[in-house]
Each structure stands twice: as C-alpha cells, then as structure tokens.
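Asker: Could you have a look at this structure, given as structure tokens, before my questions?
Each reported figure results from applying straightforward, stated rules to the coordinates on display, with no laboratory input. Just so it is clear, the structure is predicted and the values come from calculations on it, not from any experiment. So basically every Cβ, Gly included, is an ideal-geometry build from the backbone, and we count neighbours across all protein chains shown.
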Amino acid sequence: MGDVHGCRDALATLLSDAGLVDAEERWAGGDARVWLVGDLTDRGPDGIGAIDLVRRLEQQSEGAVRCLLGNHEVLLLSVLRFGGEETSIPGESFHGLWRRNGGVESDVRGLTPEHVSWIAALPPLALEGETLLIHADTSAYLALGRSVDAVARATHAVLAAGSVNEMDDLLGIVSDRMRLDDPAAVQALLDAYGGTRIVHGHTPIASLVGVDPRSVTEPLVYGDGRVTNVDHCLFAGGPGFVTRL
C-alpha cells in the first residue's frame, strides 16, 4: 500500500475493503502479508492515528503487517533532533523544511517515545520474495550500503545518533525521486539488494501522468514491467488502492 500521509481513516477503509481488517479494525488477513511503503505522516489530518493503527495491526498480525521508512518519517525525526539547525539548503532549518513539505504540528505534538523508537527502527528497504520494496524511486540508497541489512544499519545509526550533516545527507537520499526510468538504476538496485522487480511509493502517480488524483485507481507499472509505483496520492483526494503482488 502506498503513502498514507495522515489519511488514517482512508487507510482503515482500504484495508477493510481488501478483507485485511474487520469491522472493528482488527487484523483479519489470515496468512496475508502486508507492506506499507512509508510516509504515514504529514500532509493529512492524522499522522499519529495512522502510526497507531499500523503499529496495532503489526502486533495483532504477529509481524505480517510491516511498514518501510519513508522520507517523511525521517523528516519528522529530524525535527525532533535538530529542529532549528540549518540544512544544506541555505537559510532552511529542518523544521522549516518539514513544514514546507507538508509538516503537521499535531504529528510532532502527538509523538511519544514509543512512536519515536518504532519509527527509528523501520526498515528502509525490504525483500519480499522476488519483490524489492523501497520508499523512494531512486538508486541513491546504494550510497548507504550494498545489502538490505547494510542500508538498515547505516540508516538506523543516523536516526539514533547521527550528526546534523549525516541527518541532512540521509534526508537527501530518501527524498530523491524519479530515477527509476533508467534501466541501469533499476538493475543496480536489483543486483545489490535482490529481487526481480521493484515496488515504491514517494512520487504521486497523478503528478507523473498529469491527471486528477481522484482518477488514480491502480498502480503505475513501468520500466519494462520491472517497476511498480503505488503512491495513490491519498492526501490530495485519491481514492487509494491496495495492490496484490
């Protein structure tokens, strides 16, 4: 499932329509495995509610529901650690960058230490069968390591105790986009991390194809069938969808 961006109720409805949660929003997916590609927070009204729902389903499903680390999760933690510090963008603080990218103050106010620990441990990448799951449509992840585990270690170290510059560099990597129309970039990711196809979010399908988000009802498959974009642009009125892989 693509970027939620604070649309907590839409997330619950889509999971219910797919038969993955029941009327009480409890896990009902049986032996299904569900991945969200990150960006639970910002832009929409209830990022904390989205986090809480995903965390609860993760527990109820005994790990069958998982979520990747998105750039907006990194932005949120950067605000907590370095809010007023300047980024590599002259005159732009981490807090200002977050606000400019849809930051919602209630998301920061609602964060608990448990939320922060959970976010800081989210995997940047995952290999599920032959599918490589990433948040951003970029090969920049390769700068963090040449295996799924190496990228996770490097990312988690920065989120836990990295410097201002390291946080800024990480934000640059996870915020990069629109690189996977290059077959060489796709192959480099698959060679390093495994799999035969990539699924990502981050870049709204509506923006790429120039349509109203309300008309986007299915993923965008490109790159000779090797790349699938599932960012349904919920926060801008997209109806959303759950993609069966």
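Asker: With mean projected area of the Cα convex hull in nm² as the read-out, I listed (i) 14.3; (ii) 12.3; (iii) 13.0; which label goes with the value calculated from this structure?
Answerer: Derived directly from the coordinates: (ii).
Asker: Spelling out what I want: for every residue of the stretch 44-61, take phi, set θ = phi - 60°, compute 6.51 cos²θ - 1.76 cosθ + 1.60 (Karplus), and round to whole Hz; glycine and proline get x.
Answerer: x, x, 8, x, 5, x, 5, 4, 4, 5, 5, 4, 5, 5, 4, 5, 5, 8
Asker: Working from the pairwise distances between different alpha carbons, so that the mean of 1/r is found and then inverted, what is the stretch 1-106's Kirkwood radius in Å?
Answerer: On the way: mean 1/r = 0.0689 Å⁻¹.
About 14.5 Å for the stretch 1-106.
Asker: Peptides 185-195, 143-153: what's the order by average Cβ count within 10 Å, highest mean first? Before the final figure, lay out each step's value.
Answerer: Working: 185-195: 18.1, 143-153: 16.2.
Output ranking for 185-195, 143-153: 185-195, 143-153.
Asker: Let me ask something additional. Near M178, within a Cβ-to-Cβ distance under 13 Å, what is the net charge of the other residues, with Lys and Arg +1 and Asp and Glu -1? The partial results should precede the final answer.
Answerer: Working: positive: R177, R179; negative: D137, D176, D181, D182, D231.
That sum, taken over residues with Cβ under 13 Å, equals -3.
Asker: Using DSSP to call loops (not H, G, I, E or B), can you name the GluC sites (Glu not before Pro) in the stretch 20-99 whose Cβ has at most 11 other Cβ atoms within 10 angstrom?
Answerer: Numbers: sites: E24, E25, E58, E62, E73, E85, E86, E92; in loops: E24, E25, E62, E85, E92.
Within the stretch 20-99, the qualifying GluC sites (Glu not before Pro) (loop, at most 11 other Cβ atoms within 10 Å) are E24, E62.
Asker: Where does each of 40-49, 98-107 land if you order them by average Cβ count within 10 Å, highest first?
Answerer: On the way: 40-49: 24.4, 98-107: 17.6.
Ranked by mean Cβ neighbours within 10 Å, highest first: 40-49, 98-107.
Asker: Only Lys, Arg, Asp and Glu count, each charged at its Cβ (+1, +1, -1, -1), so figure out the dipole size of the chain about its Cα centre, rounded to 20 debye. Please list the in-between numbers first.
Answerer: On the way: 19 positive and 35 negative charges, 18 e Å.
Magnitude of the dipole: close to 80 debye.
Asker: Here is a further query. Enumerate the amide H contacts of E128 below 5 Å, restricted to partners 5 or more residues apart or on another chain; note that Pro and chain-start residues carry no placed amide H.
Answerer: Counting only residues 5 or more places away or on other chains, the set is L133.
Asker: How many angstrom lie between the Cα centre of the stretch 41-119 and the Cα centre of the stretch 204-230?
Answerer: About 25 Å separates the Cα centre of the stretch 41-119 from the one of the stretch 204-230.
Asker: Still on this model: Ranking request for peptides 218-230, 125-137: highest mean number of other beta-carbon atoms within 10 Å first, then the rest in descending order. Don't jump to the answer; show the numbers that get you there.
Answerer: Numbers: 218-230: 17.0, 125-137: 20.8.
Highest-to-lowest ranking by the protection proxy: 125-137, 218-230.
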